[in-house]
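A short worksheet on the structure shown next.
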Amino acid sequence: MVKSLAPLFDLQNIARVLITGNGLAGQDILSVSQFDRETLSYIFGRAREMREMVKKIGGADLLKGYVLTCLFYEPSTRTSASFIAAMERLGGSVIPITQGVQFSSVSKGETLADTIRTLEQYSDVIVLRHPDIGSAQTAADYADIPIINAGDGTGEHPTQALLDLFTIREELGTVDGLKVAMVGDLRYGRTVHSLTKLLVQYDVSLRFVSPEILRMPMVIMNEIIDAGMDVRETHDVADVIENADVLYVTRVQKERFTDLAQYEEVKDQYEITPEIMEKAKDKMIVLHPLPRVGEIHYAVDHDPRAAYFRQVKNGMYIRMALLAGVLGKA
Ligand code: CP
């Protein structure tokens with residue numbers, strides 16, 4: 001186990017509005033710190049309703065006449081597609097700027113502020129992915145319509161964390177009392193940053209498995225320690241596999257490294273294989289925000305404990321609930 005906690009990284013302090021209960025209407029979604037347990041419970045309830053509705057009738061007209069702009073400055077498959085599917089299943093329309101902002105006026109040098117102030121003229125809500133920490137907050141400062149953070153650099157990915165937590169809840173029936181192990185790139189991984197900050201509200205034990213240079217940022221470690229949670233760090237999956245209820249695996253993100261030699265050193269450090277899964281509990285689940293590039297062997301996909309594609313589907317239900325919420329259709 002790693003003993004000392006090095007100050008690896010500082011996240012920008014995001015100004016945020018706490019959302020309570022069903023009070024999502026008109027709100028930006030910038031950080032998981034906006035959500036208390038009551039709100040999480042409300043969103044999860046709505047997501048379950050969306051799931052039932054999709055199963056029974058495929059979609060509804062709840063957001064008919066509303067327009068979502070998906071503005072993605074970084075690549076995406078799941079977040080962009082699930083927001084589009086969510087909006088369309090609720091009867092709304094989408095302006096998709098997801099195939100590369102190089103085809104928009106961003107390539108002519110337009111600022112984020114002007115792009116946002118333009119797109120809000122056509123839209124009722126904007127989903128933004130951007131490589132810079134704090135970009136969603138910047139967009140929200142300029143926009144009069146809700147901004148949903150779909151990933152701001154190495155900062156946060158709040159809607160991913162909501163779907164992750166929802167998946168844990170649906171798969172295991174509870175969150176309290178669980179041992180959650182996170183594996184891989186904990187330094188740059190915005191999904192693990194957001195999920196950890198959400199889990200601080202629960203009675204869980206955390207186990208962080210990473211190479212030394214990819215440890216969880218100090219600012220998040222401090223939140224965990226201040227909350228009095230049971231947390232340990234290690235470099236080895238073998239230290240956590242037997243006791244974990246949730247194994248949350250992440251990709252080492254090549255695009256975040258300035259020194260590619262460092263990336264080469266750590267990129268293949270972890271691979272979850274059927275042999276490793278043999279040591280895990282019968283009821284544990286394996287999650288991954290995806291895409292994967294070798295961290296989970298394809299043979300693991302056949303294991304019923306591999307929940308990552310069920311997790312993908314939950315993303316659509318959560319995003320349906322969020323879009324309906326921020327557009328005041330609670
Ligand atoms: N989980 C996630 O953010 O995936 P995408 O990068 O494909 O959107």
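The values are calculated or read from the model by the stated rules, or taken from the named source; none is laboratory data. A quick note: this is a predicted structure, and the numbers were derived from the prediction, not measured. So basically every Cβ, Gly included, is an ideal-geometry build from the backbone, and we count neighbours across all protein chains shown. Remember, those area values only see protein heavy atoms, side chains included, never the ligands or the DNA or RNA. Shrake-Rupley method; radii C 1.70, N 1.55, O 1.52, S 1.80 Å.
Give me the percent of the accessible area of the chain that comes from carbon and sulfur atoms, probe 1.4 Å, all protein chains in place. If you can, show how the numbers build up before the last one.
Numbers: 6600 of 13780 Å².
On the chain, the fraction of accessible area on carbon and sulfur atoms equals 48 percent.
For region 267-330, rounded, prolate or oblate, judged on the Cα gyration tensor with a ≥ b ≥ c (square roots of eigenvalues), a/c < 1.5 rounded, else prolate if a/b > b/c?
Prolate, since a/c reaches 1.5 and a/b exceeds b/c.
Treating the Cα atoms of region 158-312 as identical point scatterers in vacuum, please give the log10 of the normalised Debye intensity I(q)/I(0) at q = 0.11, 0.21 Å⁻¹, two decimals.
For the requested q values the scattering log ratios are -0.38, -1.53.
Would you kindly state how much longer the chain becomes between Arg232 and Asn22 on full extension, computed as 0.36 nm times their sequence separation minus their alpha carbon distance, in nm to one decimal? Let's see the in-between values first.
Values: separation 210, 0.36 × 210 = 75.60 nm, distance 3.50 nm.
Extra length from Arg232 to Asn22 when fully extended: 72.1 nm.
With a cut-off of 8 Å between alpha carbons and a minimum separation of six or more residues, what is the relative contact order of region 277-330 in percent? Numbers along the way, then the final one.
Working: 22 pairs, mean separation 19.6, N = 54.
Worked out over region 277-330, it gives 36 percent.
Which of the three applies to region 44-129, rounded, prolate or oblate, going by the alpha-carbon gyration tensor with a ≥ b ≥ c and a/c under 1.5 meaning rounded?
Values: a/c = 2.90, a/b = 2.06, b/c = 1.40.
Prolate shape, in that a/c is at least 1.5 and a/b is the bigger ratio.
Counting only heavy atoms of protein chains, what accessible area per residue, in Å², does the chain have with a probe of 1.4 Å? Don't jump to the answer; show the numbers that get you there.
On the way: 13780 Å² over 330 residues.
Ligands and nucleic acids excluded, the figure is 42 Å² per residue.
Using a Förster distance of 22 Å, how high is the FRET efficiency between Lys313 and Ser93, based on the Cβ-Cβ distance and rounded to 0.05?
On the way: r = 23 Å, r/R0 = 1.02.
Efficiency for this residue pair is about 0.45.
What does the charge dipole of the chain about its Cα centre add up to, to the nearest 20 debye, if the Cβ of each Lys and Arg holds +1 and the Cβ of each Asp and Glu holds -1?
On the way: 35 positive and 45 negative charges, 188 e Å.
Dipole magnitude for the chain comes out near 900 debye.
So how many Å³ per residue does the convex hull of the Cα atoms of the chain work out to?
Values: hull volume 42.8 nm³, N = 330.
Per residue, the Cα convex hull of the chain comes to 130 Å³.
How large is the convex hull of the Cα atoms of region 50-93 per residue, expressed in Å³ as a whole number? Walk me through the numbers on the way to the answer.
Numbers: hull volume 2.5 nm³, N = 44.
Given the Cα convex hull of region 50-93, per-residue volume reads 56 Å³.
Can you give me the Cα centroid spacing of region 259-330 and region 38-73 in angstrom?
Measuring centre to centre over Cα atoms gives 22 Å.
Once both axes come from the Cα atoms, what is the angle between helix 158-172 and the longest principal axis of the chain, in degrees from 0 to 90, rounded to 10?
Result, in degrees: 60.
Treating the beta-carbon of each Lys and Arg as +1 and of each Asp and Glu as -1, no other charges, what is the dipole magnitude of region 158-312 about its Cα centre, to the nearest 20 debye?
Working: 18 positive and 27 negative charges, 83 e Å.
Magnitude of the dipole: close to 400 debye.
Quote to one decimal, in nm, the extra length available between Arg117 and Lys279 on full extension: 0.36 nm per residue of separation minus the C-alpha distance between them.
53.0 nm
I need to check one value: relative contact order of region 158-312, counting alpha carbon pairs closer than 8 Å and at least 6 residues apart, in percent.
Value for region 158-312: 24 percent.
Among all lysine pairs in region 158-312 that are eight or more places apart or on different chains, how many have alpha carbons less than 23 angstrom apart?
Step by step, the pairs that qualify in region 158-312 add up to 5.
Counting alpha carbon pairs within less than 8 Å and at least 6 residues apart, what relative contact order, in whole percent, applies to the chain?
Numbers: 647 pairs, mean separation 71.1, N = 330.
Relative contact order here is 22 percent.
Is the shape of region 83-126 best called rounded, prolate or oblate, per the rule: a/c under 1.5 gives rounded, else a/b larger than b/c gives prolate, else oblate, with a ≥ b ≥ c the square roots of the Cα gyration tensor eigenvalues?
Values: a/c = 3.61, a/b = 1.77, b/c = 2.04.
It comes out oblate by the Cα gyration axes.
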